[in-house]
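Down below is the structure, laid out as structure tokens.
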Amino acid sequence: MKATKRALPLLPLRGIQVFPYMVIHLDVGRPKSIAAMEEAMVQDKQLLLVTQKDPRIDEPESGEIYQVGTVAEIKQLLKIPGGTMRVLVEGLARGRIISIEKTDPFYLVDCEEYEEGKAEENAEIEALMRGVISQFEQYVKLSKKIPAETVVSIVTVEDPGRLADLIGAHLNLKQEDKQRLLEAVALPQRLETLYVFLSRELEILEVERKISIRVRKQMEKTQKEYYLREQLKAIQKELGERGEEEDEARAFRERIAKAKLPDEVRQKAEREAERLGKMPPMAAEAVVVRTYLEWLLALPWNKVTEDRLDLDRAEQILNEDHYGLKKVKERILEYLAVRKLANKMKGPILCLVGPPGVGKTSLAKSVARAIDRRFVRISLGGVRDEAEIRGHRRTYVGALPGRIIQGMRQANSKNPVFLLDEIDKMSMDFRGDPSAALLEVLDPEQNNSFSDHYIELPFDLSHTMFITTANTTHTIPRALLDRMELISLPGYTEEEKLHIGRKFLLPKQLKEHGLKPEQLTLSDNTIKGIIREYTREAGVRNLERSIASLCRKAAREIVQGKKEKIHITSRNLNVYLGPPRFRFGVAQKKDEVGVATGLAWTEAGGDVLSIEVSLMSGKGNLTLTGQLGGVMRESAQAGYTYIRSQAEKLGIVENFHEKQDVHIHVPEGAIPKDGPSAGITMATALASALSGRPVRSDVAMSGEITLRGRVLPVGGIKEKVLAAHRAGIKTLILPEESRQDLDEIPRHVRRKLNFVFVDNMDQVLKHALVG
Ligand code: ADP
């Protein structure tokens, strides 16, 4: 190859090789390089571009620059801000540095320029060229980094030297390798070098490709498995084979087939099971469907227990469980007799009304036992949401059937005795009226297809015997009340309680506590003592509790070995139960002025209360204290007005209302009181205070007063009489019209009390005031 010697300014390059025929932009900033360029511009615009070995060095020495570079011509020069120049250069030919002439202000070198030009064609070069081209094409295919047009323009180059340079420039080679290519001046050698590089690059690319394929395969594997599983499922389905969820659905279908459900229910259940089979087992919806199916299967759609309507046996059982309550038991037996004759359970619903602890719940349980039916009880106290009766729709999260259906599931037969406890304590609010739903439950005309929102299928409640309980009737909605037959249990007298305690509660509690009858004995007086001093109630709940408490204490002493037998008398009672809680005989001990005893009705039975009146000099104000309700306040006003109008007749100072303030107080102020029935009592206390005549302490009274002094009837007479009896009252003043209410009071109680029936206030005062 021809070489010409010449002197040229040198431009050291960092990290880049420029090949002949290459046109490239270079940014030049180093002062020496700029000086070299300026020199070139003054001369023939040519300079030598040589790569420095370490690109980090700013002022390379002669040994730090490669020997071979490219002679290039400056095509364009552009100053850019910051003192750098951008030059466009075109490589012309290879050049080798022979010597460095000077290094300041720029490198000037003597070099040999090798003329690029047509080499002579021979077979070897031709073979090498073909090899290089085919290798390059393969390289492009694998690396995918060089655009197709470039490839076409490169492989059509005919000059072998130029071809090698172009390909070399496009390869992703290290700096040393590019330099080696640049230094390969002779042609066959240059092509050979390139050939080696290409082969090596191809090999690397091939390995890269394999690695990437392997990685991709691993990643795809999990996806593939999922995909295959899905396909498998589809195939199984085609072949009629079952998957996991199908298994569950099938199990449900088998249970449905065995369950003897009514047609409608069965169809619905089958539809749901079908749906379940199509759902992925973990789906939230599947849980809902599963629970729903469990409910459908668990309900006693067709299960009934055999009734035993043997009245003699029923009577015997009722008597076994409860003392007294003669009327109630008779009523229940009549009811059962009608059912036996009519052979169906339609008819009014029994409602047992009475204070707590009189045996309403246990009576209902006893009825179930008497006719051999299952017993369930739900309490309606505090129920204020229709959904509690009728359930929530299944679309609600955590929806469940209402209490009725829950009770039926618990009963596991569709004809249980179903006790709806505390029906009077149900209330309503914005969430709907539970009593409307209850109406549907209790109505014999429509309860054969009771619809629960959750179950969505009609359930037959017509075989169920509903019994309800209440403490009072006036909070029960009218419509409900109409459906029910009321049986009232007013409470027990002391004698009855004594009997119940001895014959029923004590044996029951002894048994529950694992005591033998001889291990704990109570005398009659002890039980009476408990009744009088530790309880004040219409029922026997606290009596039972106190007896249970004695049993516990006895059990402990026996187990600890302190004693073998325990006998409790009225003397040592307080050792076991603590100091007495109530004073027996709350009636006033002596006749007093301004204090009268009234009778009150509460949900817990009757009670006595004393009303106090006090006078102070003032301006005729009337003060009422003791948590009195509106009706009671008005009643007090009416009494006051009446006494004023009768002042003269009663011997009261005429214009007392101008000079005296009156204060009426009803003790136990923490308990709210209301109602008109204390009217005559307040008037009596007033008359006594104003006239100075004392009220007889053994007299109690109840009745409403009018402005004219008429006495009107009041309710709860039975409970009030029993309470008066408990409290040791001798004479009772009651409205004339309440006379017939006395029938239901046990004769021995009636015999002990002196009843005075009155029409007007004059009569009341005549009997109540002393003298
Ligand atoms: P209620 O439902 O009216 O509030 P319960 O039925 O809970 O009252 O009765 C309380 C307890 O008193 C029960 O253990 C019950 O057996 C007992 N009891 C109530 N009345 C009688 C009775 N007449 N004879 C025997 N035990 C009774």
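Each value in this text was obtained by applying a stated rule to the coordinates, not by laboratory testing. Just so it is clear, the model here is predicted, and its values are computed rather than measured. We place every Cβ from the backbone using ideal geometry, glycine too, and count neighbours over all the protein chains shown.
Quick check on my link table: of 32/144; 233/258; 516/730; 303/508, which ones sit more than 31 Å apart, alpha carbon to alpha carbon? Where the Cα-Cα span goes over 31 Å, the pairs concerned are 32/144; 516/730; 303/508. Among 464, 535, a tally of other beta-carbon atoms within 10 Å of each Cβ gives an order, fewest to most, of 535, 464.
For residue 731 and residue 319 in the same chain, what is the full-extension length gain: residue separation times 0.36 nm, less their Cα-Cα distance, in nm?
Values: separation 412, 0.36 × 412 = 148.32 nm, distance 3.42 nm.
Answer, rounded to one decimal: 144.9 nm.
When peptides 730-738, 319-327 are ranked by their average number of other Cβ atoms within 10 Å per residue, the highest-first order is 730-738, 319-327.
Pick out, in residue order, every one of the GluC sites (Glu not before Pro) in region 439-479 that is DSSP loop and has at most 15 other C-beta atoms within 10 Å; say none if there are none. Loop-located and lightly packed - 445, 456.
Gyration tensor analysis over the Cα atoms of region 71-228 returns equivalent ellipsoid semi-axes of 39, 23, 15 Å (largest first, whole Å). Couplings 3J(HN,Hα) of region 733-749, computed from phi: 9, 10, x, 3, 6, 8, 4, 5, 5, 6, 3, 7, 8, x, 4, 5, 6 Hz, in residue order, whole Hz [Karplus 6.51 cos²θ - 1.76 cosθ + 1.60, θ = phi - 60°; x for Gly and Pro]. For region 316-366, the Cβ-based charge dipole about the Cα centre amounts to some 220 debye (Lys, Arg positive; Asp, Glu negative; other atoms uncharged). Toward the positive end of the charge dipole of region 172-282, with +1 on the Cβ of Lys and Arg and -1 on the Cβ of Asp and Glu, the farthest Cα among 205, 181, 195 is that of 205. Our coupling estimate for region 161-176, obtained by passing each phi through the Karplus curve with A = 6.51, B = -1.76, C = 1.60 and θ = phi - 60°, is x, 5, 4, 4, 4, 4, 4, x, 5, 8, 7, 8, 9, 6, 4, 4 Hz, Gly and Pro reported as x. For region 81-161, GluC sites (Glu not before Pro) are listed when DSSP marks them as loop and at most 12 other Cβ atoms sit within 10 Å of their Cβ; the list is 115, 120, 121, 158. Toward the positive end of the charge dipole of the chain, with +1 on the Cβ of Lys and Arg and -1 on the Cβ of Asp and Glu, the farthest Cα among 95, 598, 305 is that of 598. Under 5 Å between amide hydrogens, built in the peptide plane, is the criterion, and for residue 593 it picks out 695 among residues at least 5 positions away or on other chains. Using C-alpha pairs under 8 Å with a sequence gap of at least 6, the mean separation divided by the residue count of the chain gives a relative contact order of 7 percent. Model label sites at residue 291 and residue 152, defined 7 Å from Cα along the beta-carbon direction, differ in position by 7.0 nm.
The packing ranking, built from the mean of other Cβ atoms within 10 Å per residue, places the peptides 472-483, 415-426, 557-568 in the order 415-426, 472-483, 557-568, highest first. For the chain, with the dipole built from +1 on Lys and Arg beta-carbon atoms and -1 on Asp and Glu ones, taken about the Cα centre, which of 437, 125, 359 lies farthest toward the positive end? Highest projection toward the positive end goes to 359. If one takes the longest principal axis of the Cα atoms in the chain, at what angle in degrees, from 0 to 90 and to the nearest 10, does the Cα axis of helix 360-370 lie? Once rounded, one gets 90 degrees. Extent of the chain along its three principal axes (Cα atoms, max minus min coordinate, largest first): 161, 79, 61 Å.
Peptides 395-401, 6-12, 590-596 ordered by packing proxy, namely the average of other Cβ atoms within 10 Å per residue, highest first: 6-12, 590-596, 395-401.
At most 15 other Cβ atoms within 10 Å and a DSSP loop assignment: could you name the GluC sites (Glu not before Pro) in region 648-735 that fit? Write down the numbers at each step before the final one.
Values: sites: 648, 654, 658, 668, 704, 719; in loops: 654, 668.
For GluC sites (Glu not before Pro) across region 648-735 that sit outside H, G, I, E and B with at most 15 neighbouring Cβ atoms in 10 Å, the list reads 654, 668.
Multiplying the residue separation of residue 518 and residue 747 by 0.36 nm and removing their Cα-Cα distance gives an extension gain of 79.0 nm. For residue 432, the residues whose modelled amide H falls within less than 5 Å of its own, excluding neighbours fewer than 5 places apart on the same chain, are 386. Figure legend: label point modelled 7 angstrom from the Cα of residue 78 along Cα→Cβ; residues of region 23-56 with amide N under 11 Å from it are 25-27.
Centre-to-centre, using Cα atoms only, region 618-686 and region 696-771 are separated by 20 Å.
Relative contact order of region 431-531: what whole-number percent is it, with Cα pairs under 8 angstrom and at least 6 residues apart?
Numbers: 52 pairs, mean separation 18.4, N = 101.
For region 431-531, the relative contact order is 18 percent.
A crude spin-label estimate for the pair residue 208 and residue 656, with each label 7 Å from Cα along the Cβ direction, gives 11.9 nm. Across region 211-337, the relative contact order, built from alpha-carbon pairs under 8 Å that are at least six residues apart, equals 19 percent.
Quote the charge dipole size of region 366-468 about the Cα centre in Debye, to the nearest 20; the model charges only the Cβ of Lys and Arg (+1) and of Asp and Glu (-1).
Working: 13 positive and 15 negative charges, 96 e Å.
Dipole about the Cα centre, nearest 20: 460 debye.
Per residue of the chain, the DSSP helices (runs of n ≥ 4 H) give a summed -39500 (n - 2.57) that works out to -13500 deg cm²/dmol at 222 nm.
About the Cα centre of the chain, what is the dipole size in debye to 20, counting +1 per Lys and Arg Cβ and -1 per Asp and Glu Cβ, all else neutral? Please report the intermediate quantities before stating the final value.
On the way: 118 positive and 112 negative charges, 1041 e Å.
The calculation lands at about 5000 debye.
Legend: ranking of residues 111, 551 from fewest to most surrounding C-beta atoms inside 10 Å; resulting order 551, 111.
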